[in-house]
């Protein structure tokens, strides 16, 4: 008789349980989901993957025309195309990860009901899939950056650029924290999906994406915007790549601490809900 290995699947007793070994065992499924999401993003479209390039470029054209041309919003001396393209790419990565993560339970209910795998894989899939899209947009930004440098535009890169991967990881973890909270709550309260979409559409305006933080001269408003955990990271990225922005170790520490607490709370809620998820969805 052949030897068989029996695996008993039981709910996690600890709310902070996160079995990295189990996640590693399901790495093939993780990669399969990432490949599926990336391939089906623009499946059965005429232009296909070109939309990964067309979308940010069209957004930049609109931003330059409306905010730069009509509203005449300054960009701290940075070429508007570079300023808006970087802001759109970074914010787009954060908001896309947040939206995808927040729908982890609802959109994957059919899969969860048929196959077992660590549920935390789905938020990780969302972050990784959007990272590939962000990499394409970052390549477009790099191409424009090289063009402006080659044509004589003076652009400063600070040494903090070596921390760029850490800035992106911080945004990814922040989106996962928020996303796990909303994903857990939307299993019972579907209205939160609509509310989150509204929050994201308004959130961009209190984040220095379409304008530099330096133009906010009111001290109270400046402080309020700095308390937005995305703001210190966005400003640090602009400072490191474009030479303009406000880089502060103190505010970055605040964002990191905020993200850590958010992740702990989100993981606890996520683990609690997944025990009875299929009964309530």
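Is there a residue in the stretch 110-133 that is on the phi > 0 side of the Ramachandran plot and either at pLDDT below 90 or surrounded by fewer than 22 Cβ atoms within 10 Å (Cβ to Cβ) (or both)?
no
Quick grid of which residues meet (1) surrounded by 17 or more Cβ atoms within 10 Å (Cβ to Cβ); (2) under 14 Å from residue 87 (Cβ atoms); (3) touching a residue at least 24 places away in the same chain (Cβ under 8 Å):
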{"site": "190", "(1), (2), (3)": "no, no, yes"}
{"site": "207", "(1), (2), (3)": "yes, yes, yes"}
{"site": "236", "(1), (2), (3)": "yes, yes, yes"}
{"site": "250", "(1), (2), (3)": "no, no, no"}
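Outside any loop (DSSP other than H, G, I, E, B) and over 21 Å from residue 259 (Cα atoms): which single residue out of 194, 199 fits that description?
Only one candidate passes the filter, namely 194.
Under 7 Å between Cβ atoms, at least 6 apart or on separate chains: pull out the pairs that start in the stretch 151-178 with a residue that is touching a residue at least 40 places away in the same chain (Cβ under 8 Å) and end on any residue that is surrounded by fewer than 17 Cβ atoms within 10 Å (Cβ to Cβ) and not in a helix (DSSP H, G or I).
155/243; 156/243; 157/243; 158/243; 160/247
Does at least one position in the stretch 213-225 carry a residue that is buried (at least 17 other Cβ atoms within 10 Å of the Cβ), touching a helix residue (DSSP H, G or I) at 6+ places or on another chain (Cβ under 8 Å), over 25 Å from residue 32 (Cβ atoms) and touching a residue at least 40 places away in the same chain (Cβ under 8 Å)?
No, the stretch 213-225 contains no residue that is buried (at least 17 other Cβ atoms within 10 Å of the Cβ), touching a helix residue (DSSP H, G or I) at 6+ places or on another chain (Cβ under 8 Å), over 25 Å from residue 32 (Cβ atoms) and touching a residue at least 40 places away in the same chain (Cβ under 8 Å).
Can you spot a residue in the stretch 158-166 that is over 23 Å from the mean Cα position of the chain (by Cα), at negative phi and modelled with pLDDT of 90 or more?
yes
Restricting to the stretch 69-94, count the residues that are crowded, with 19+ Cβ neighbours inside 10 Å and assigned to a helix (DSSP H, G or I).
Number satisfying all stated conditions: 14.
Against the conditions (1) under 24 Å from residue 255 (Cα atoms); (2) part of a helix (DSSP H, G or I), where does residue 157 fall short? Just the number, please.
(2)
So, in the stretch 227-243, how many residues would count as being out of contact with any helix residue (DSSP H, G or I) (no Cβ under 6 Å at 6 or more places or on another chain) and more than 20 Å from residue 155 (Cβ to Cβ)?
Count: 2.
Would you pick out the residues in the stretch 12-51 that are on the phi > 0 side of the Ramachandran plot and either surrounded by 11 or more Cβ atoms within 10 Å (Cβ to Cβ) or modelled with pLDDT of 75 or more (or both)?
Answer for the stretch 12-51, where residues must be on the phi > 0 side of the Ramachandran plot and either surrounded by 11 or more Cβ atoms within 10 Å (Cβ to Cβ) or modelled with pLDDT of 75 or more (or both): just 48.
Going by the conditions given, is residue 174 modelled with pLDDT under 90 and in a helix (DSSP H, G or I)?
no
Considering only the stretch 134-149, state which residues are farther than 18 Å from residue 175 by Cβ and at pLDDT 90 or above.
Matches in the stretch 134-149: 139, 140, 141, 142, 143, 144, 145, 146, 147, 148, 149.
The values are calculated or read from the model by the stated rules, or taken from the named source; none is laboratory data. Remember, it's a predicted structure, so these values are computed and weren't measured experimentally. Neighbour counts are summed over all protein chains in view; Cβ atoms, including those assigned to glycine, are modelled from backbone coordinates with ideal geometry.
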